[in-house]
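Notes for the one structure printed next.
The values are calculated or read from the model by the stated rules, or taken from the named source; none is laboratory data. Keep in mind it's a predicted model, so treat the numbers as computed, not measured. Cβ atoms come from the backbone with ideal geometry, glycine included; neighbour counts cover every protein chain shown.
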Amino acid sequence: MALKIHELATACGATMEGDNPAQIITATNDITAAQIGQVTQLTQARYRHYLQTSQASACFVATDFDAQNVPESLVLLRCADPEMAFVNAVKLLHPPINYPATISPQAVISESVILPESCHVGAFVVINEGVEIGENSEILAGVYLGQNVKIGKNTRIYPYAVIYDGVEIGDNVIIHSGAIIGADGFGYKFRNGQHVKVPQIGNVVIGDNVEIGANTCVDRGALGSTEIGEGSKIDNLVQIGHNNKIGQHVIVCGQTGISGSCTIENYAILAGSTGIADHVKIGQGAVVMARAGVANDVAPKTQVFGSPAKEKRVVYREQVALSQLPELVKTIKQLEARLAQLELKI
């Protein structure tokens, strides 16, 4: 898509500062690489120097941003929130691919399926008995939907995702390729020298506006449901164990593993490669920092770090103390040597 700068400014709630309003904008790009016909953004003063040499035709900046030595060919688009204005520009200039409302003749669909005409079903999709799919949803090539799966409106499931029996998915959900939703939870009892499988008869319930990344696994509940609340975003390569209750607008970053029966409250953030032990509660708005190992509950609105995870300030003090350890050991050895000399003089 292409827009004149003044059209883009109006659409994104920005005011123009510069003399090139008729320039056509066709794409977005990073400020270090943007060229003529592209729009970029600048939100941090430390990157100001990139603006002075930028080849971009337009740049979103904050209303009060102090811009100096701006090229004559570059139009500043001033607005209250340049990051969101730039996001809106990306949506306008790079609209998503829309899949036609068609059903591939190569799809395998059971007769009992509820499938509106507005849906897209790609080649080699398998949809089992009792499945219900909402209006305008898109099931792309190679997806497997087990029995009695329920999918809401405007949901997109990318190729080769697998949705097991009984999973419930809300409206406006995105599930990326390779995700496995509803596999058995990891439940066993050790009896007579062997691990006996505990039947996993629950399901997974995913709220509206959730996004689940590629190759992420969400296990079904042992008896009840594994739940992911409205607006939560799950990155690639995440493991979510059985019976977890993940609240609304939670962020779970890549390579995180959440053991079974945990509660992750609203607006919590689990940074990359964190590990959460079973039956742990992460409070509302808490942040578990990267590579932390959490074995105990985390209070709301706190930040924890390390393994075992502790409050960030405590861990940082410990690390400062550890960094001083070599000098302390050296000092102790010097004191021991002096003490030994004094003892010889007695």
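Miscellaneous remarks
- Scanning segment 49-78 for residues that are touching a Leu at 6+ places or on another chain (Cβ under 7 Å) and aliphatic (A, V, I, L, M), we see that the one that is surrounded by the most Cβ atoms within 10 Å (Cβ to Cβ) is Ala58.
- Candidates are the residues of segment 154-178 that are among the hydroxyl-bearing types (Ser, Thr, Tyr) and within 17 Å of Pro100 (Cα to Cα); the one that is surrounded by the fewest Cβ atoms within 10 Å (Cβ to Cβ) is Tyr158.
- Residue list for segment 68-88, restricted to those being over 21 Å from the mean Cα position of the chain (by Cα) and not charged (D, E, K, R): Gln68, Asn69, Val70, Pro71, Ser73, Leu74, Val75, Leu76, Leu77, Cys79, Ala80, Pro82
- Residues (assigned to a loop (DSSP other than H, G, I, E, B) and basic (Lys, Arg)) located in segment 149-180: Lys153
- Residues (β-branched (Val, Ile, Thr) and within 30 Å of Cys12 (Cβ to Cβ)) located in segment 91-106: Ile97
- All conditions but one from (1) closer than 24 Å to Leu237 by Cβ; (2) in a loop (DSSP other than H, G, I, E, B); (3) in the same structural domain as Lys245 (by TED's automatic domain parsing); (4) not acidic (Asp, Glu) apply to Ala141; the one that does not is (3).
- Taken over segment 181-222, the criterion of being under 26 Å from Glu135 (Cβ atoms) and outside any loop (DSSP other than H, G, I, E, B) is satisfied by Ile181, Gly182, Asn203, Val204, Val205, Ile206, Glu211, Ile212, Val218.
- Test for Asn136: is it among the polar types (S, T, N, Q), part of a loop (DSSP other than H, G, I, E, B) and within 21 Å of the chain's Cα centre (by Cα): no
- Selection from segment 236-251 of residues that are part of a loop (DSSP other than H, G, I, E, B) and surrounded by 20 or more Cβ atoms within 10 Å (Cβ to Cβ): Val238, Gly241, His242, Asn243, Asn244, Gly247, Val250
- Among all residues of segment 308-324, there is none that is surrounded by 12 or more Cβ atoms within 10 Å (Cβ to Cβ), touching a helix residue (DSSP H, G or I) at 6+ places or on another chain (Cβ under 7 Å) and among the hydrophobic types (A, V, I, L, M, F, W, C).
- Residue, nearest to Arg291 (Cα to Cα), within segment 252-277, restricted to residues that are in a loop (DSSP other than H, G, I, E, B) and aliphatic (A, V, I, L, M): Ala271
- In segment 1-106, counting only helices (runs of 4 or more DSSP H) that sit wholly within it, the ones holding 1 or more residues that are modelled with pLDDT of 90 or more and among the aromatic types (Phe, Trp, Tyr) span 48-52, 82-93.
- Verdict on Gln284 being assigned to a loop (DSSP other than H, G, I, E, B), in the same structural domain as Lys189 (by TED's automatic domain parsing) and touching a residue at least 24 places away in the same chain (Cβ under 8 Å): yes
- You will find that of Ser54, Ser73, Ser104, the residue that is under 30 Å from Phe124 (Cα atoms) and of a type outside the set (A, V, I, L, M, F, W, C) is Ser104 and no other.
- Of the residues examined, Ile201 is not one that is within 21 Å of Ala271 (Cα to Cα), of a type in the set (Val, Ile, Thr) and surrounded by fewer than 20 Cβ atoms within 10 Å (Cβ to Cβ).
- Near pairs, Cβ below 7 angstrom, 6+ apart or cross-chain, from segment 132-148 (more than 12 Å from Ile163 (Cβ to Cβ)) to any residue that is among the small types (Gly, Ala, Ser): Gly134/Gly152; Glu135/Ser118; Asn136/Ser118; Leu140/Gly122; Ala141/Gly122; Ala141/Ala123
- Residue in segment 118-129 that is in a loop (DSSP other than H, G, I, E, B), over 12 Å from Tyr99 (Cα atoms) and polar (S, T, N, Q) present: yes
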